[in-house]
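Following: one structure in structure tokens, then a few remarks.
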Amino acid sequence: MSNTSTEQANRFISLKDIKKSSFIALWFMFLTFPIMVIKVNTVNNTVEWRWANMIIIGVASFILSHVWRLFMNRRDGKLSDEQKGGQTVEKLTLRQKLDQKPVVAKSLSYAVLVLAIIFPLISGMYQTSIMITALLYVVLALGLNIMIGLSGLLVLGYIVFYGVGAYTYALLNLHFGVNFWVALPIGGIFAMIIGILIAIPVLRLQGDYLAIVTLAFGEIFRIVLENWNDLSFGPSGIANIPRPTIFGLDLNVSQATNLTYFIVLAFVLVTIFVIKRLEDSRIGRSLVAMREDEIASEAMGIDMGKTKLVAFALSTFWAGVAGVIFAGKTTFINPSSFTMWESILVLCMVVLGGMGSIPGAIVGALIITLLPEYLRAFSEYRMVIFGVVLVLVMVFKPDGMIPSIRQKYEFKKKPESNMKEAE
Amino acid sequence: MLKIENLETFYGNIQALKGIDLHIEDGEIVTLIGANGAGKTTTLMSISGVVPPRNGKIILNGKDITGTAADDIVSMGLIQVPEGRRIFSELSVAENLDMGAFLRNDAAEIKRDMEYVYQLFPILAERRHQHGGTLSGGEQQMLAISRALMAKPKILLLDEPSLGLAPIIVQQIFDIIKKINQEQGTTVFLVEQNANQALKIAHKGYVMETGRITMSDTASNLLADDEVKKAYLGI
Ligand SMILES: Nc1ncnc2c1ncn2[C@@H]1O[C@H](COP(=O)(O)OP(=O)(O)O)[C@@H](O)[C@H]1O
Ligand SMILES: [Mg+2]
């Protein structure tokens with residue numbers, strides 16, 4: 001039965017497809033006409049008609065649209081195959097295959113870990129520095145994932161909490177000489193407090209409204225930083241923030257970078273561990289319950305207000321700590337590091353990777369931070385390629401690269417441990 | 001056990017409840033019947049604190065609970081099974097049940113209660129690791145009831161448990177409701193459009209029309225009443 005549908009999916013040309021593609025080609029030719037065909041020569045005051053361009057655009061958009069349609073057919077064919085197949089011919093995703101072979105999955109993750117640990121030793125300082133940034137975004141994506149993926153709260157100004165952490169360290173150090181290690185937890189806790197303060201007025205908002213209000217908070221934060229010169233030194237920012245050191249050693253830049261790398265790596269591991277525990281705990285499940293149905297949750301005695309505050313607190317802490325590390329890494333911060341664009345970038349990471357999925361957030365963050373870095377060779381086209389990659393992933397993997405599979409609750413197998421976690 | 005006096009609830013400036021009085025004794029099954037849009041769901045939502053009433057009094061075991069937060073009301077043993085089941089589809093059956101016990105910390109007893117509901121609905125035990133969303137409608141209703149039972153209700157509020165279910169499943173669900181009432185002594189307040197079935201297992205019934213109670217009597221009297229027969233039993 002799967003034969004017929006794959007045949008359908010594989011058919012290369014049908015009349016309907018040609019019609020559609022031709023229409024799209026015509027439309028694009030029309031749209032691009034003013035910029036691609038007409039060229040005013042200001043020296044001779046003449047108009048050049050570049051008809052060749054029009055033909056190129058027509059042909060290119062026809063081919064692209066056709067290839068696109070072909071892939072879409074394939075995808076839809078695959079979907080209907082899966083539906084028809086039911087339990088018998090269920091295709092396994094990579095994730096499911098790995099879940100079935102825990103040994104492979106385990107050794108794979110150890111391999112990645114070893115690679116991550118030796119990374120700064122085998123690569124230069126520049127690469128290490130890029131990787132630090134990437135790992136900081138991994139933490140941000142994991143933290144935002146608690147809010148968006150797990151709790152279903154669409155919060156857009158998440159980078160604010162990163163900024164709070166960074167400024168906490170910078171200012172505490174400037175005024176009181178507080179060192180990196182002391183600032184680390186303070187930055188996290190301070191971000192958490194700001195998170196709760198922002199959460200209180202928006203407790204009753206949902207969906208789009210929550211997104212808009214938190215976006216506004218993000219902008220307010222940046223504007224305040226830019227204008228409150230006495231506190232934040234405005235757009236000129238704060239410089240000479242000390243890099244992290246250890247045992248009071250005097251490290252050179254390269255050593256400090258390596259140290260920062262290991263701090264971030266350790267912090268990523270801690271974050272993953274804690275969030276994994278959270279997902280399997282009763283608090284984590286109440287966040288999922290809130291995301292799924294607020295009324296049912298309330299009927300079960302789960303207080304929506306408290307649960308939202310918990311989600312904010314649990315999520316913003318990580319951004320705060322990451323912010324402290326960021327300030328220590330760059331030694332200079334100013335408001336332009338904490339713009340709306342950054343918030344949206346972190347959101348993209350979560351969505352691209354797969355909402356609510358830990359490996360998804362990690363992969364999403366790595367792709368979005370590293371891809372533009374390594375696409376530098378393509379200079380001005382890199383953002384276009386980046387955009388195309390995002391669109392492609394969303395079309396072909398709408399649930400993200402690694403969609404979440406909620407861990408099953410095995411009551412019978414290990415009742416003791418589960419009951420303890422449940423508390 | 002539960003006494004409601006002159007309850008008025010608004011959605012914005014639309015008045016959904018226009019002064020309701022209800023009286024539910026300990027250990028009873030009381031049913032509230034009425035057509036679509038009569039205000040039955042609103043009544044339950046007001047009682048359980050999800051949609052707070054504007055006027056009136058809700059007295060649970062002699063204590064005025066009007067305006068009390070929903071989670072506090074749950075911890076007093078008044079639990080609602082909301083209309084349309086509203087189970088958590090991405091949580092497994094066992095996790096759904098655990099959410100029902102959200103306010104409890106007595107691990108051993110939670111486990112015992114879980115075994116009890118698995119006994120009531122063996123199909124749930126079979127499907128305990130399955131996600132709630134993959135259950136059939138009947139199974140979801142069983143899960144919704146079980147989830148509420150996990151909260152150790154003294155009084156259970158059920159909103160149209162028969163909605164959209166096959167007659168044979170409806171029969172099964174009503175049998176279980178009766179069983180819970182008899183075995184556990186749980187007081188049941190049953191909202192239904194399926195008046196015939198509801199009145200058969202209930203001790204007492206109320207009839208509701210556009211935000212008002214229009215009739216109240218013993219279930220058997222209502223079953224025999226001409227007007228009820230005409231309007232709600234289709235006889
Ligand atoms: N969330 C809401 N917002 C505004 N009006 C509502 C809302 N829910 C219910 N209503 C209105 O309140 C009235 C009673 O509804 P409801 O309690 O759901 O009735 P029933 O459960 O008996 O079908 C109806 O007129 C309905 O339109
Ligand atoms: Mg209703």
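Bear in mind these aren't lab numbers, they're just calculated from the coordinates by the rules spelled out. Model, not experiment: these values are computed from the prediction. Because the Cβ atoms are built from the backbone with ideal geometry, glycine has one as well, and the counts that use them run over all protein chains shown.
What are the extents of the Cα atoms of segment A:112-396 along their three principal axes, in Å, largest first?
The Cα atoms of segment A:112-396 stretch 59, 46, 36 Å along their principal axes.
Pop out the ³J(HN,Hα) list for segment B:87-99 in order, Karplus 6.51 cos²θ - 1.76 cosθ + 1.60 with θ = phi - 60°, rounded to Hz; leave Gly and Pro as x.
Per residue, the Karplus-derived 3J(HN,Hα) values read 7, 8, 6, 8, 9, 6, 4, 5, 5, 4, 4, 5, 5 Hz.
Quick one, can you get me the convex hull of the C-alpha atoms of the protein assembly as shown expressed as volume per residue in Å³?
248
With a Förster radius of 60 Å, plug the Cβ-Cβ distance of A:VAL270 and B:GLN119 into 1/(1 + (r/R0)^6) and report the FRET value to the nearest 0.05.
Working: r = 43 Å, r/R0 = 0.71.
In this case the efficiency is close to 0.90.
Only counting other Cβ atoms within 10 Å, I'd like A:PHE71, A:PHE338, A:PHE161 sorted with the fewest neighbours first.
A:PHE71, A:PHE338, A:PHE161
Using a Gaussian network model of chain A whose springs link C-alpha atoms within less than 10 Å, name the residue from A:LEU231, A:LEU26, A:LEU142 with the highest mean-square fluctuation.
A:LEU26
On full extension of the chain, what length is gained from A:VAL103 through A:VAL391, given 0.36 nm per residue of separation minus the C-alpha to C-alpha distance?
Stretched fully, the A:VAL103-A:VAL391 segment lengthens by 100.3 nm.
For segment A:225-234, what does the Karplus curve 6.51 cos²θ - 1.76 cosθ + 1.60, with θ = phi - 60°, yield as ³J(HN,Hα) per residue in whole Hz, taken in order and with x for Gly and Pro?
4, 6, 10, 8, 4, 5, 8, 10, 6, x
Taking amide H atoms as placed 1.01 Å from N in the peptide plane, list the residues 5 or more away in sequence, or in a different chain, whose amide H sits under 5 Å from that of B:VAL81.
Here B:LEU157, B:LEU158, B:ASP159 satisfy the definition.
Segment B:1-68: which trypsin sites (Lys or Arg not before Pro) are DSSP loop and have at most 15 other beta-carbon atoms within 10 angstrom?
The qualifying sites are B:ARG54.
Looking at segment B:184-235 from every direction and averaging, what is the projected area of its Cα convex hull in nm²?
3.8
For segment A:202-235 and segment A:14-38, what is the separation of their Cα centres, given in Å?
Cα centres, segment A:202-235 to segment A:14-38: 43 Å.
Over chain B, what number does the Rg to Rh ratio reach, with both radii from the alpha-carbon atoms and Rh per Kirkwood?
On the way: Rg = 17.2 Å, Rh = 17.9 Å.
Looking at chain B, the ratio lands at 0.96.
For chain B, what is the mean residue ellipticity at 222 nm derived from helices alone (per DSSP H run of n ≥ 4: -39500 (n - 2.57); sum divided by total residues; nearest 500 deg cm²/dmol)?
-10500 deg cm²/dmol
Relative contact order for chain A: what is it in percent, counting Cα pairs under 8 Å that are at least 6 residues apart? Could the numbers behind the result be given before it?
Values: 553 pairs, mean separation 92.2, N = 423.
Over chain A, the number comes to 22 percent.
Please compute the net charge surrounding A:LEU251, taking Lys and Arg as +1 and Asp and Glu as -1 over other residues with Cβ under 15 Å from its Cβ.
+1
Between A:ILE118, A:ILE402, A:ILE38, find the one with the highest GNM mean-square fluctuation for chain A; connect C-alpha pairs within less than 10 Å.
Judging by the Gaussian network model, the answer is A:ILE38.
Using the Cα atoms of segment A:193-288, I'd like the radius of gyration and the largest Cα-Cα distance, Dmax, both in angstrom.
19.3, 51
What 222 nm value per residue comes from the helices of chain A, counting each DSSP H run with n ≥ 4 as -39,500 (n - 2.57) and dividing by all residues, nearest 500 deg cm²/dmol?
Numbers: 18 runs with 302 residues, N = 423.
Result for chain A: -24000 deg cm²/dmol, rounded to the nearest 500.
Across the residues of B:78-90, average count of Cβ atoms on other protein chains within 10 Å?
Per-residue shielding by partner chains comes out at 4.
Most mobile of A:VAL324, A:VAL264, A:VAL37 per a Gaussian network model of chain A (Cα springs, under 10 Å)?
Result: A:VAL37 has the largest fluctuation of those listed.
Pairs A:LYS308/B:LYS3; B:LYS40/B:LYS152; A:LYS101/A:LYS329; A:LYS16/A:LYS397; B:LYS40/B:LYS178: which are spaced more than 28 Å apart, C-alpha to C-alpha?
Check vs 28 Å cut-off fails for A:LYS308/B:LYS3; A:LYS101/A:LYS329.
For A:LEU215, what is the net charge nearby, where nearby means another residue's Cβ is under 13 Å from its Cβ and Lys, Arg count +1, Asp, Glu -1? Please list the in-between numbers first.
Values: positive: A:ARG222; negative: A:ASP208, A:GLU219, A:GLU342.
My count for the surroundings of A:LEU215 gives -2.
Counting Lys and Arg as +1 and Asp and Glu as -1, what is the net charge of the other residues whose Cβ lies under 15 Å from the Cβ of A:THR339?
Charge balance near A:THR339 sits at -2.
What is segment B:135-206 by shape, rounded, prolate or oblate, if you read a ≥ b ≥ c off the alpha carbon gyration tensor as root eigenvalues and call it rounded for a/c under 1.5, prolate for a/b larger than b/c, and oblate otherwise?
oblate
Can you work out the Karplus-derived ³J(HN,Hα) for every residue in segment B:123-132? Use 6.51 cos²θ - 1.76 cosθ + 1.60 with θ = phi - 60°, whole Hz, and x for glycine or proline.
Taking θ as phi minus 60°, the curve returns 4, 5, 4, 4, 9, 4, 9, 7, 5, x Hz for segment B:123-132.
Looking at the protein assembly as shown only, what percent of DSSP beta bridges run antiparallel? Nearest 5 please.
Counting DSSP beta bridges with both partners in the protein assembly as shown, the antiparallel share is about 60 percent.
For B:TYR206, enumerate residues with amide H under 5 Å from its amide H, sequence gap 5+ or separate chain, H modeled in the peptide plane.
For B:TYR206, whose amide H was placed from the backbone, the distant partners under 5 Å are B:THR31, B:LEU32, B:ILE33.
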